[in-house]
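Enquirer: Handing you a structure now.
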Amino acid sequence: MVGDVAFPPFSEAVFDVVVGLGNLVGFAGPESGRLLDRLRGLVRPSGRLVLEIAPGPGEHSRYLARLPARSVARLFRSAVPLVTLRAGREGYVAERWRKDHPGTFDRPAAEVVRTDLERAGFRVDEVMAVAPALGPDPLRIAAVATDPKAWTHLVAVEEQLGQHPERWVRAAAVLVAATRVARPARRAECEG
């Protein structure tokens, strides 16, 4: 079945959870506002909305990128706070843009999406940049993945770094999770 995500064949406020992955908002381009309105409208009170947006090209830790892959794997066996500190100590480098001109592709800022959701009656529960420490580095990711302890620490470090608003700006992917605030019934509805 093929359909238009801006016009899904569902009634308003019927789902407990609505998930928009793959940067649907960005791919909607000039129609992104209407798409976001429709996705929000599908969520019932107290339901959740999870969105993936792509505000930037991505980034990675300058320090981790200059270490050999095996050294990165050994480092991630260390305590999570130590690795988090070291990952940020030399700053971050933006990945290269994949295209010179994005065309009609929209790159909404995480703060803009957050504000928009709050104005629409949602409580934003979490915003997280994806992979700010290693970025899309297959060699270093593969080296860490061979060690279960290092991998567990990598996930924890990426989550800690990803929750900082300064990491949202250039992230290739940001996840936003929000809950639609249930509005109390009006007095007339309660009495009648």
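The values are calculated or read from the model by the stated rules, or taken from the named source; none is laboratory data. This one's a predicted model, so the numbers in the text were calculated from it and none came from an experiment. Here the Cβ is made from the backbone with ideal geometry for all residues, glycine too, and neighbour counts use every protein chain on show.
Enquirer: Given the conditions (1) over 16 Å from Ala131 (Cα atoms); (2) in contact with a Lys or Arg (Cβ under 7 Å, 6 or more places away or on another chain), report the number of the one that Ser78 does not fulfil.
Expert: For Ser78, the exception is condition (2).
Enquirer: Identify, from the list Gly22, Gly91, Gly47, the residue that is closer than 24 Å to Leu134 by Cα and in contact with a Lys or Arg (Cβ under 7 Å, 6 or more places away or on another chain).
Expert: Gly91
Enquirer: Which one of Leu49, Leu39, Leu35 is under 19 Å from Phe122 (Cβ atoms) and out of contact with any strand residue (DSSP E or B) (no Cβ under 7 Å at 6 or more places or on another chain)?
Expert: Leu35
Enquirer: Name the pairs whose Cβ atoms lie under 6 Å apart, with the first residue in the range 175-188 and within 20 Å of Pro165 (Cα to Cα) and modelled with pLDDT of 95 or more, the second assigned to a strand (DSSP E or B) and β-branched (Val, Ile, Thr), and 6 or more positions between them or separate chains?
Expert: Val176/Val127; Ala177/Val50; Ala178/Val124
Enquirer: Report, by residue number, each residue of the range 27-50 that is among the aliphatic types (A, V, I, L, M) and outside any loop (DSSP other than H, G, I, E, B).
Expert: Answer for the range 27-50, where residues must be among the aliphatic types (A, V, I, L, M) and outside any loop (DSSP other than H, G, I, E, B): Leu35, Leu36, Leu39, Leu42, Val43, Leu49, Val50.
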